[in-house]
Amino acid sequence: MVEIFIDSLKNGIMITVFVFIMMMITDFLNVLSKGKLSELIKGNKFRQYVMTSFFGSTPGCLGAFLNVSFYIRGLITFGAITGGMIATSGDEAFVMFTLFPKEALLLTVILFVIGILSAFLIDKITPLLKIKPCVECKDSNLHNNDDCRVMNFKEAIHNLAKMSFNRFLLIAIVITTIVLLIFGVIGPETWDWMRIIFLSLMVFALFIITAVPDHYLIHHIYEHIFKKHLWKIFLWTFGILLIMNTGLEYWNLETFIKSNMAWIILIAAIVGLIPESGPHLIFVMLFSKSLVPFSVLLVSSIVQDGHGMLPLLSYSIKDSLFIKLFNLIIGLSIGYILFFLNL
């Protein structure tokens, strides 16, 4: 039992750190595109479908937040925002790319295509259901990117010379992780392309932490990603790993799941209705252990959207419920078709 606990703890820490790094890099790249993403979304409906599905399929919730910001400004259709949510996997995408990158990439492409097709179909249906798309809201502003910029080399040296506690803590975490990764304490056991990619991401993250100004470091990285998200990701990841590893060791969990797969698909869809990243991780972990087929992971990913729905819930509960209903119907339909095809 002690060995199971230690193994779950090590893997939980590894996954949490890598998710943190990838979330930070994604946020950084999003900030660099300040003012330009909104220009890409404007155009005909098909362009909206492609762009919202693309933003939704990017790891994390930033793409979903961006789609919501477009929707509450009246820039995209109801079908486009729904398709974007279908393509969204939330923070679970970071974990999937850490555990099984090839399958995660395939899943991302499939969600992107399903998002586009669903957006087209839903926009054809919504007039019959008398669903009115959101009109422009002048006061809507989900995020302000002021004072978020990359500093030059001299300013980066200045950051290190007058280092704040927040910057020191983040740098220490990344450097410690790099050392542990190099010596094989965490991460892949052999020096393969995955370890090289992880190390490259770590070095890039170290550059971001060193180079960005205090405003960005504190409000984007420390307060938002580190304090708000990281502990939740760790608790959910470690807890699920511990339960799964214990179940595989003592409870014959594998036999139970495989003999009740039709119910597992339904449970995955119902859990996907929760507008929160965390509960859905159990299906990611089950797939990584080859305990559930791809169809279960796909259903979970279609129905759930991480934190992406939260901003829209605060603006229109009715629209949010309709979106989740469409996600549920499409997710279950595709999931059971794949299930009967033994996929």
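The values are calculated or read from the model by the stated rules, or taken from the named source; none is laboratory data. Predicted, not measured: the structure shown is a model, and the values here were computed from it. Quick reminder, even Gly has a Cβ in these numbers, built from the backbone with ideal geometry, and neighbours come from all protein chains shown.
Selection of the stretch 294-318 for residues being surrounded by fewer than 20 Cβ atoms within 10 Å (Cβ to Cβ) and modelled with pLDDT of 85 or more yields only F294.
Among residues of the stretch 93-108 that are within 13 Å of S57 (Cβ to Cβ), those with a beta-carbon under 8 Å from a residue that is surrounded by fewer than 17 Cβ atoms within 10 Å (Cβ to Cβ) and aromatic (F, W, Y) at least six positions away or on a different chain give the pairs L107/F294.
In the stretch 226-248, how many are surrounded by 15 or more Cβ atoms within 10 Å (Cβ to Cβ), within 19 Å of the chain's Cα centre (by Cα) and either at pLDDT 75 or above or not in a helix (DSSP H, G or I) (or both)?
Taking the stretch 226-248 and keeping what is surrounded by 15 or more Cβ atoms within 10 Å (Cβ to Cβ), we get 226, 229-230, 233-234, 236-247.
Narrowing the set further to residues that are within 19 Å of the chain's Cα centre (by Cα) leaves 226, 229-230, 233-234, 236-241.
Now narrow it down to the ones that are either at pLDDT 75 or above or not in a helix (DSSP H, G or I) (or both): 226, 230, 234, 238-239.
Final tally of qualifying residues: 5.
Just wondering, is there one or more residues in the stretch 327-338 that are over 17 Å from the mean Cα position of the chain (by Cα) and not in a helix (DSSP H, G or I)?
Residues of the stretch 327-338 that are over 17 Å from the mean Cα position of the chain (by Cα), as a first pass: 328-338.
Among the residues that remain, those that are also not in a helix (DSSP H, G or I) are: none.
Looking through the stretch 327-338, none of the residues is over 17 Å from the mean Cα position of the chain (by Cα) and not in a helix (DSSP H, G or I).
Mind telling me which of the residues N166, N145 ends up being surrounded by 12 or more Cβ atoms within 10 Å (Cβ to Cβ), polar (S, T, N, Q), out of contact with any Cys (no Cβ under 6 Å at 6 or more places or on another chain) and at pLDDT 85 or above? Walk me through it before giving the result.
Values: N145 fails: at pLDDT 85 or above.
Result: N166 is the single residue among N166, N145 that is surrounded by 12 or more Cβ atoms within 10 Å (Cβ to Cβ), polar (S, T, N, Q), out of contact with any Cys (no Cβ under 6 Å at 6 or more places or on another chain) and at pLDDT 85 or above.
Please go through the stretch 272-306 and give me each residue that is aliphatic (A, V, I, L, M) and within 22 Å of K228 (Cβ to Cβ), ordered by number. Outline the logic, then answer.
The first filter runs over the stretch 272-306 and keeps only residues aliphatic (A, V, I, L, M), leaving 273-274, 281-282, 284-286, 291-292, 296-299, 302-303.
Listed by number, the residues that qualify are I274, L281, I282, V284.
Can you tell me which residue is surrounded by the most Cβ atoms within 10 Å (Cβ to Cβ) among those in the stretch 70-122 that are over 23 Å from V292 (Cα atoms) and among the aromatic types (F, W, Y)? Among those residues, the one meeting the criterion is Y71.
Of the residues that sit in the stretch 22-61 and are among the aliphatic types (A, V, I, L, M) and in contact with a Phe, Trp or Tyr (Cβ under 8 Å, 6 or more places away or on another chain), which one is modelled with the highest pLDDT?
Looking at the filtered set, the residue picked out is I25.
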